[in-house]
Amino acid sequence: MKKSVFETLYYCLPTAWERRVPKSEERTAVHNKIAEEERYFIEKMSLDDCQRFQELKNLYAQATEMEEINLFSNSFTIGATLMLEIMSNKEGAINE
C-alpha cells in the first residue's frame, strides 16, 4: 500500500529524496577510475602525505554532505512554498 508523504515522514520511512542515485555503467566507471587514481597516488606518497590525503578526502566528504543537506533544505522549502501558493490560489486556479 502506498503511504502519503505525511505517513512517510511520521514513520521515518525512506523516501524518494533519500534514495541514492542508482548504479549505472558510467557512474561505476567513474568511481573505478577515481579509486584507481587514488591507489596510484597513495603508492607514491610518504606515510605522512598519505594520511594528509585521507584527511583531505574526509574534508571533501564533509563538504559534500553539507552541500547535499543545504540542497535538500532549499528544495523542500521551495516545494512547501509552491504548495502554499497553490493552496492560497486554489479557488482561482479551479475557476480559470
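The values are calculated or read from the model by the stated rules, or taken from the named source; none is laboratory data. These figures come from a predicted structure and were not determined experimentally. Ligands, DNA and RNA are stripped out before the accessible areas are found, and what is left, the full protein with its side chains, is counted by its heavy atoms. Shrake-Rupley method; radii C 1.70, N 1.55, O 1.52, S 1.80 Å.
How much accessible surface area, in Å² rounded to 10, belongs to the heavy atoms of Glu55 with a 1.4 Å probe?
110 Å²
Determine ³J(HN,Hα), in whole Hz, for all residues of segment 75-81 in sequence, where each value follows from phi through the Karplus function 6.51 cos²θ - 1.76 cosθ + 1.60 and θ = phi - 60°; x replaces Gly and Pro.
Per-residue couplings from phi come out as 5, 4, 4, 4, x, 5, 5 Hz.
What full-extension length gain, to one decimal in nm, is calculated for Tyr60 and Leu47 as 0.36 nm per residue of separation minus the Cα-Cα distance?
Full extension from Tyr60 to Leu47 adds 2.7 nm.
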